[in-house]
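A short write-up of the structure that comes next.
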Amino acid sequence: MLDYNKSFIEVQFPVSRISKESYKERKANLGQTLTGLGKWWGRKPLVMVRAALLGILMPVSDDYTKDREIFLKVMTMDDEGLLLRKRDDKPISKKELWQLTTKEEKKKYFREGSTAKKPKYPKGMSRENKKAMKEELQKIAFNRLSYDDKLSYCRRPEEVELNDKSEWEIINEHLKTNATNLQELIQELGKKRFGHIPKVGDCFSGGGSIPFEAARMGTKAFASDLNPIATLLSWASLNISSSSNENINKLIEFQEKVYKKAKLIVNDWGIELNEKGHNADAYLYLNEVKCPECGYKVPLSSSWMIGKGSKTVVLLKNNKKNKNFDIDIIQDASKNKIKESEKLITVIGEKLFCPNCKKKMPISSSIREDKKSKNGTVYGLQIWGKNKIINSSDDIFSERLYAIQYVDNNGNRYYRVPNNKDYKNEQKVLKLLKERFSDWQNKGYLPSDEIKEGNKTNELIRTRGWKYWHQLYNPRQLLINGLLMKLSDELSNNKKEKVIALLGINKCCNFNSKLSHWDSSAANEKSSDSFYNQALNPLITYSSRSLNMLSNSWFYNINNYEFNCNSIVKPKDARNISSSNDIWITDPPYADAVNYHELSEFFSAWDKKMLKKVFPEWYTGSKRVLAVKGTGKSFNESMIEVYKNLANNMPDNGYQIVMFTHQDVKVWSELTMILWSAGLKVASAWNISTETKSGGLKEGNYVKGTVLLVLQKQTSDDFAFQDEVYDKIQIEVRNMIDSMKGIDYKDIPDFTDADYLLASYAAALKVLTGYGEIDGIDIDYWLSGDRNEESPVEKLIKKARDVANSYLIPEEFEKNHWFELSNAERFFIRGLELEMNNEHTIGAYQELAKGFGVKEYKTMFHNFEANNVRLKTPSEYKTSYLDNEFNEKDFSGSLLRHLLVAVLESAKNDSTNSGRTYLKGVFNQSQNYWYKKPLMREILTFISKIEMVDHMEHWHEEAKYAKLLREALKNEGV
């Protein structure tokens with residue numbers, strides 16, 4: 001019996017597989033479907049959106065196992081689906097096939113005399129038979145791989161289509177549908193639930209992942225964003241990425257037409273050619289300042305390594321006559337030359353080092369001459385005027401072209417210091433730009449907007465004096481980028497061509513500005529993008545691309561999947577949306593989020609006039625005043641308005657999913673009150689790992705994952721007291737954990753400790769938001785500003801976390817024995833469990849410590865560095881528990897601590913008698929030895945499991961002695 005009053009995602013969600021698939025999608029880099037269209041921050045994986053939407057639309061039955069089987073089948077995440085996704089062009093190697101087959105299979109599929117090092121197929125087979133045999137062998141071996149290993153041979157779910165009739169018969173039989181593909185299934189499920197093809201909306205659409213995937217799945221998609229650059233990307237995602245190959249080829253032809261015309265013009269100007277006719281690839285610039293101590297003009301750089309692969313370095317030579325430094329470039333430098341260049345680095349931390357007078361001085365106070373006053377800091381730089389495009393002679397910072405990367409006629413790259421010809425080219429670039437500057441600004445080919453002050457934009461003004469957006473580009477960059485914009489405007493004939501051009505310009509601006517750093521470690525040593533992190537950071541050295549090198553940005557990846565796109569896209573304030581949708585899926589800005597409204601002005605400064613031509617009904621400003629940002633009363637009120645509006649624009653049986661990437665309890669409590677005030681209640685929550693390790697990711701309270709909060713309309717008027725709410729939270733936490741354990745697949749465990757703790761948060765939210773009012777919780781008060789005290793909601797969520805920590809008992813322990821342990825002992829054991837599950841992030845252990853109320857825990861760890869956390873082994877502790885090593889009083893003299901000493905004694909002396917003698921010496925005095933033996937055996941059983949954990953080799957020897965000591969205790973007295 002199917003229940004359409006409840007969704008699959010409310011009951012279960014295969015988070016482990018979806019996390020693995022999300023990670024695979026992230027690792028695809030430019031192979032991802034939408035990232036090629038342009039820069040946007042925080043795009044969510046398409047596979048996660050697909051899973052969430054299917055999870056909402058799929059009903060539940062009495063058979064949860066069957067429900068899960070069908071869900072995975074539709075997602076092509078079951079065994080058959082993975083086999084369908086297996087790449088033909090990436091077979092399992094012959095050596096791996098040998099390792100994955102049985103003795104009988106080796107005899108059948110390999111030639112006699114084959115070995116692990118040299119396996120060979122049988123001789124004398126026809127081509128067809130040999131091909132069939134290889135396919136059969138590939139299938140056998142593939143099915144024996146772990147899920148992670150299978151993924152390395154698979155395409156992503158979005159890259160295949162499930163067409164197998166027998167598979168669809170199984171799906172249709174369970175769901176009572178009549179579909180032959182994903183789109184038909186989604187539409188049928190939507191009609192069964194809502195009475196029509198489902199409508200899916202996203203009012204923070206950003207790069208367009210959510211509406212794109214919703215439309216591709218067969219729904220009617222609505223996308224809006226306050227930011228017009230985000231809306232442009234969403235429009236492109238839906239209207240260009242859904243195009244046929246034929247239409248994409250036409251757009252590529254248009255790109256080629258613009259680029260060829262630009263190439264003819266630039267070649268005619270001759271500004272990228274040297275005296276040998278070699279074409280430039282990149283120009284490297286640096287800032288120079290006058291040393292306050294000796295008056296020398298010092299070139300600034302924190303590294304003189306231009307190319308690690310080519311071993312190219314800069315050497316400075318003191319020019320006493322001009323009181324400055326000449327630059328030499330050494331290619332294929334010796335180790336001595338590299339060391340010599342390192343000694344000449346002129347920026348160390350925030351200080352200038354002058355190679356002439358050998359003095360160090362702070363750049364901010366000594367160079368920029370920033371001064372603190374009663375009214376705040378006064379910055380010493382001159383602010384650039386509107387028409388200024390290069391540094392003046394009296395500027396504190398001047399700019400210098402110090403190296404050029406050329407390509408010779410054979411395609412070989414080389415670097416050289418600029419000569420007279422190169423400087424003449426620079427002067428010609430400036431002359432060409434000045435001739436066109438005013439006209440191009442008037443026509444919108446170059447930016448003319450003033451930089452508005454803000455959290456990120458202030459950095460441009462404060463550290464360089466740049467007041468207008470065009471000042472983030474040097475003359476060469478303005479000339480080349482502006483030329484591409486001019487030709488795009490003149491040669492484009494329709495909306496899609498203009499959009500494809502705008503996105504190309506944006507990509508060029510990102511890779512060709514004064515914020516573009518030079519990547520000396522890259523395989524081909526190249527200019528990188530301005531947004532290597534979520535900021536606008538002026539650089540002391542930067543790179544500029546020639547038109548030739550800029551082709552990599554202009555001809556960007558357009559990954560398309562043809563489908564009939566039924567969508568609406570518009571720039572709109574989420575508080576004023578009037579479009580009704582059955583399902584809202586949103587990834588809102590929240591607490592310390594990316595400053596989208598400011599960062600996007602980097603692009604909108606270029607796009608404004610062209611954008612107005614393409615979409616005359618759109619506004620083109622960033623609307624930063626209206627942006628939902630920050631924290632505190634204004635932010636909370638904005639969020640309530642947004643989600644109350646979305647709740648009003650969905651049916652009573654509609655759903656919302658809010659994507660959330662924070663783990664701080666205080667932020668969770670505020671989010672609870674916001675959603676509660678908006679008239680929503682929590683149905684479930686799931687934690688999906690979505691982030692790869694990246695320099696641009698935040699640490700601290702940010703998690704490398706996304707929480708999916710599943711919400712419905714709040715229709716209850718029930719009143720409750722906090723005590724009864726807490727009782728219900730306890731029950732809900734335990735029920736939720738029991739339910740999760742009941743559906744967890746041991747072959748691929750879906751849930752880790754982090755998921756169970758998250759479930760406790762969700763349980764608290766579910767109970768809290770299920771009431772109309774709770775005694776003593778004044779939501780308006782707690783959301784009206786920053787409060788130093790804990791809110792009642794925060795306290796209840798923390799209690800829920802504590803319940804989860806107490807309830808999560810390792811399977812080796814009897815419940816009563818588990819509670820005999822101190823909080824510190826339970827923290828150590830659960831910490832080992834995290835380590836056994838390959839969890840090494842600081843945040844996971846900190847959350848565990850909070851849950852158990854353990855404050856002084858760092859002495860338990862051998863390593864406490866980010867992403868490399870691990871606990872000490874017995875041998876890594878000092879041998880005596882009386883050495884006052886521990887700050888955590890509940891641990892230093894505990895049973896667990898004594899057992900670790902006993903394990904160490906057994907290992908040191910290769911005898912369990914030593915361990916037993918030690919334990920008797922400690923516990924016989926209090927006559928506790930025999931009483932505590934059952935608990936001792938349980939702890940030792942748990943520790944002994946580590947012997948089988950591959951990534952914990954540092955524990956293996958002592959884990960073995962834990963097992964031997966356990967057996968000795970067990971057999972003692974028998």
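Bear in mind these aren't lab numbers, they're just calculated from the coordinates by the rules spelled out. What you are looking at is a predicted structure, and each value in this text was computed from that prediction instead of being measured. All Cβ positions, even for glycine, are placed from backbone atoms using ideal geometry, and neighbour counts span all protein chains on display.
Before moving on, here are some points about what is shown:
- Each of Thr231, Thr873 was scored by other Cβ atoms within 10 Å of its Cβ. Arranged with the fewest first, they read Thr873, Thr231.
- Estimated FRET transfer efficiency when R0 is 41 angstrom, pair Arg416-Ser875 (beta carbons, to 0.05): 0.10
- On Cα atoms only, tilt of 722-743 relative to the major axis of the chain in degrees: 90
- Angle between the chain longest axis and helix 182-194 axis [Cα atoms, degrees, rounded to 10]: 70
- Cα gyration tensor shape for region 752-885, rounded if a/c is under 1.5, else prolate or oblate: prolate
- Of Leu273, Leu162, the sequence from fewest to most neighbouring Cβ atoms within 10 angstrom is Leu273, Leu162.
- Karplus (6.51, -1.76, 1.60) ³J(HN,Hα), θ = phi - 60°, over region 666-683, in Hz, Gly and Pro reported as x: 4, 5, 4, 5, 5, 4, 4, 5, 5, 5, 4, 5, 7, x, 10, 10, 7, 9
- Cα shape, region 3-188, gyration tensor, a/c 1.5 rule: prolate
- Estimated 222 nm signal from helices in the chain, with DSSP H stretches of n ≥ 4 weighted -39500 (n - 2.57), rounded to 500: -13500 deg cm²/dmol
- Between Glu135 and Glu637, the simple label model (points 7 Å from Cα in the Cβ direction) yields a spacing of 6.7 nm.
- Fewest-first ordering of Phe721, Phe511, Phe71, Phe864 by other beta carbons within 10 Å of each residue's beta carbon gives Phe721, Phe864, Phe71, Phe511.
- Positive-end residue, the chain charge dipole about Cα centroid, Cβ charges, pick of Thr841, Trp584, Phe603: Phe603
- Hydrodynamic estimate: the Kirkwood radius of the chain over Cα pairs, inserted into Stokes-Einstein at 37 °C and 0.692 mPa s, corresponds to D of 102 µm²/s.
- Free-standing Cys, the chain [no other Cys Cβ under 4.7 Å]: Cys154, Cys203, Cys508, Cys509, Cys565
- Once the Cα atoms are used to define both axes, helix 753-768 deviates from the longest principal axis of the chain by about 90 degrees.
- Theoretical gain in end-to-end length, Lys858 to Ile568 [0.36 nm per residue, Cα-Cα removed]: 99.1 nm
- A Förster distance of 35 Å, applied to the separation of the beta-carbon atoms of Glu814 and Asn909, puts the FRET efficiency at 0.70.
- Anisotropy class of region 262-554 from Cα gyration tensor, a/c 1.5 cut: oblate
- If the chain linking Glu293 and Lys103 were pulled fully straight, counting 0.36 nm for each residue of separation and taking away their Cα-Cα distance, it would gain 60.5 nm.
- The modelled label-to-label distance for the pair Ala866/Trp269, using points 7 Å beyond Cα in the direction of Cβ, is 4.1 nm.
- Taking label points 7 Å from Cα along the Cα-to-Cβ direction, Lys320 and Asn837 give a separation of 6.9 nm.
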